[in-house]
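One structure is given here, and the rest of the page talks about it.
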Amino acid sequence: MPPVGARRGSVPHLAPFLLSAILLSATVAAAGTATDPPGGRSNGATSLSAASVMAASAPAGNSYYVATNGSDNWNGMAPAYTGGNAGPFATLHAAARAMHSGDTTYVRGGYYNCTNYTRQYFDPIVSRITLTNYPGETNMFGNQMFLNSCNQLICINGLSQVGIYGINATNCQRTAEFYAATNCTLAYCNLGFANTNYSMNGMVYFANNSVSNIIHDNVLHDHHHDNTTVPQHDMGSTLVLGNLESSAGDATGYNVVTNNLLYHGGHDVLQIQSCYNLIRNNTLHNEPWIWWNDFGQLGGHRCIDVEPRSQGNVIDCNWIGYAGIALGNPAGDGIELCGASNIVRFNAILWCQEGAILFYGDKDGHAANSPLCVANHAYNNTLVDNGLGQQYTTNTTNQVVTDYTANKTVFGMNYATNNYVVNNLFSYNGSNWWARFPSNCIVCIQCTIQDNHWGAQWTNQINGDPLFYYLATNITTLVTNKISETSPYQVMALGSPWDPAFTSFNLRLQSNSPCLGAGQFLTTITSPSGSGTTFTVADAMYFTDGYGMLPGDTIEFQSTGQTAVIQKVLWNSNAITLTSPVNWIQGDGIALPYAGLAPNMGACDVGP
């Protein structure tokens, strides 16, 4: 589809969703409640471009090789057997234990049946190494089970600067685990069809104080609970960041997840149990895809779960859709926000079973005097056809049964407080959606939600057609038939999303869209008029300084149109420091860069 945000510049995405460079240069959200985030992170926090090429820069060292016709009795230092003991290894384990800092192992093409070896797993003991596919060849590892107490294909434990590139796996018990990993990279891998009896753990798992890692340009998919040990139900997540439920504590954070295709998690596609991560420019979907024996139906669940105690995460510029059902109830949300001080912005969230965004305040039984869902900022998202309240049956015609128990798009549950929802564009969302929002957009439906802040929103039911640049005819059919037994959603019930690449439409706005310039400024300057690099605003939590990982947000001033880059944000004092001096006016509005006289509604700029 045509680029989104072309005025700001754009970068390519796995799906044809081109996103604003201003958002790519924006970083992990500056959001918090009681205290400011740790400053600087000068020890190990690097820029995305630097970290992503760190391992790929071929550190000076030895080259090792693994091949399907290799032998662990050879020295592993030749891509093919040349005589004597000169030839490739047969297993990843042999290569891992031969490597020293600066070394690279190349994996030759072909299928590696892991059950044939007791050492087909990569568990290095040194840092600054690279595991990558052999140039021009494609590998595939399959059938990894419990072998010598190692049930994962890749295990990085306590190491730094380890690069994993171009490794593919299918039908593995676990695929990749990173424990206490720093400045590591997982990129250009295709990992999927994993199963586990480890309950909710992830197919790809970063935990135990894993910091400043980058996961980019991967396809991670199809992870579920091991059906051979218990009835299969909604367990397992495709990618997990952190483990805040650990009694030992977990300081995992400051990780970057970008340009990935993530889909099909038994419970979630992406689960966040950590702080200050950046989730940007990914495609996620989780339509009903796997058979649940204990419920007699196909299941999928939510796309992104931000768990309690997770804060300061930024989720922006993603395609999110087709969240399914969970344990027989309509709980398939695009994003479930249980943590505090997170930013959700510039996402397109479509066709989710329940809400596009759920603010969930008392998960795990927290009472009203101890709210978890606090000070989150959700702004400039485009939300299309969510809150459908659909259930999927297993009859012979795969019909869709309607259950309108909760048709909502953005809604709250139990003690979600002091959250901010601004400049979002709602279109074709659940037949009862607009009736559940009073005219002032304050939500209080079968829950206790207090002191939330609802700014300007746009809904086609109330405000009129937003005039997307292109909305496919079959999407209109999808909307009008959504409560019919012949609904196109029966395709989803078979496990195939209607449009997994989100290519059948263009959510950019036509030049005469009423949403252009209809948004509000995110905050205002509270300092007396003046000049310099530091001033205060009414609410600094809309913006990010990058925590020393990436450049801070670029902001634009309402009166002058000047732009500047944020160097530091202090949450407690709402102070913003810029990289260069500017003139400001007290009361002036501030937003991310925009065209025209004011910010737009929704995630997208004007088309085509």
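The values are calculated or read from the model by the stated rules, or taken from the named source; none is laboratory data. Remember, predicted model here, so these are calculated numbers, not experimental data. Glycine also receives a Cβ, built like all others from the backbone with ideal geometry; neighbour counts cover every protein chain displayed. Note: areas computed on protein heavy atoms with side chains; ligands, DNA, RNA excluded. Shrake-Rupley method; radii C 1.70, N 1.55, O 1.52, S 1.80 Å.
Restricting the search to the range 92-127, which residues are within 18 Å of residue 171 (Cβ to Cβ) and either free of Cβ contacts under 8 Å to residues at least 12 places away in the same chain or open to solvent by less than 10 Å² (accessible area, probe 1.4 Å) (or both)?
Going through the range 92-127, the residues within 18 Å of residue 171 (Cβ to Cβ) turn out to be 92, 107, 110-118, 120-122.
If the condition is that a residue be within 18 Å of residue 171 (Cβ to Cβ) and either free of Cβ contacts under 8 Å to residues at least 12 places away in the same chain or open to solvent by less than 10 Å² (accessible area, probe 1.4 Å) (or both), then 92, 107, 112, 114, 116, 120, 122 are the ones that fit.
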- Within the bounds of the range 472-491, is there any residue that is over 22 Å from residue 593 (Cβ atoms), modelled with pLDDT of 50 or more and surrounded by fewer than 21 Cβ atoms within 10 Å (Cβ to Cβ)? yes
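Search the range 284-312 for residues being at pLDDT 70 or above and of a type in the set (D, E, K, R), and hand back the single one that is surrounded by the fewest Cβ atoms within 10 Å (Cβ to Cβ).
Taking the range 284-312 first, the residues at pLDDT 70 or above are 284-290, 300-312.
Okay, now just the ones that are also of a type in the set (D, E, K, R), so 287, 302, 305, 307, 309.
On the way: 287: 30, 302: 31, 305: 27, 307: 24, 309: 18.
Across the range 284-312, the extreme among qualifying residues is 309.
Residue-wise test of (1) free of Cβ contacts under 8 Å to residues at least 12 places away in the same chain; (2) touching an Asp or Glu at 6+ places or on another chain (Cβ under 8 Å); (3) farther than 30 Å from residue 255 by Cβ; (4) not acidic (Asp, Glu).
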| site | (1), (2), (3), (4) |
| --- | --- |
| 532 | no, no, yes, yes |
| 538 | no, no, yes, yes |
| 544 | no, yes, no, yes |
| 555 | no, no, no, yes |
| 567 | no, yes, no, yes |
| 570 | no, yes, no, yes |
| 578 | no, no, no, yes |
| 583 | no, no, yes, yes |
- Message: Can you pull out every residue in the range 330-359 that is among the polar types (S, T, N, Q) and at positive phi?
- Response: 341
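Of the residues that sit in the range 551-562 and are within 25 Å of residue 276 (Cα to Cα) and either in contact with a Leu (Cβ under 8 Å, 6 or more places away or on another chain) or modelled with pLDDT of 95 or more (or both), which one is surrounded by the most Cβ atoms within 10 Å (Cβ to Cβ)? Write out each step before concluding.
Pass one, the range 551-562, residues within 25 Å of residue 276 (Cα to Cα): 551-556.
So of that shortlist, the ones also either in contact with a Leu (Cβ under 8 Å, 6 or more places away or on another chain) or modelled with pLDDT of 95 or more (or both) come out as 553-556.
Details: 553: 27, 554: 20, 555: 24, 556: 18.
Going through the qualifying residues, I end up with 553.
Test residue 61 against the stated conditions and say whether it is within 21 Å of residue 183 (Cβ to Cβ) and modelled with pLDDT under 50.
Working: within 21 Å of residue 183 (Cβ to Cβ): yes; modelled with pLDDT under 50: no.
When the stated conditions are applied, residue 61 does not pass them.
Taking strands (runs of 3 or more DSSP E) that do not extend beyond the range 329-383, which have at least 2 residues that are modelled with pLDDT of 85 or more and closer than 20 Å to residue 426 by Cβ? Don't jump to the end; show me each part of the working.
Working: elements: 335-337, 343-345, 348-350, 357-360, 377-379.
Those strands (runs of 3 or more DSSP E) span 335-337, 343-345, 348-350, 377-379.
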- Task: Answer yes or no: is there a residue in the range 201-224 that is more than 30 Å from residue 548 (Cβ to Cβ), more than 18 Å from the chain's Cα centre (by Cα) and either surrounded by 23 or more Cβ atoms within 10 Å (Cβ to Cβ) or modelled with pLDDT under 90 (or both).
- Result: yes
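How about the range 67-91: which of its residues are touching a residue at least 12 places away in the same chain (Cβ under 8 Å) and open to solvent by 30 Å² or more (accessible area, probe 1.4 Å)? Full working, then the answer.
So the first thing to find is which residues in the range 67-91 are touching a residue at least 12 places away in the same chain (Cβ under 8 Å), and the list is 67-81, 85-91.
Passing the criteria: 68, 69, 72, 73, 74, 75, 77, 79, 80, 81, 85.
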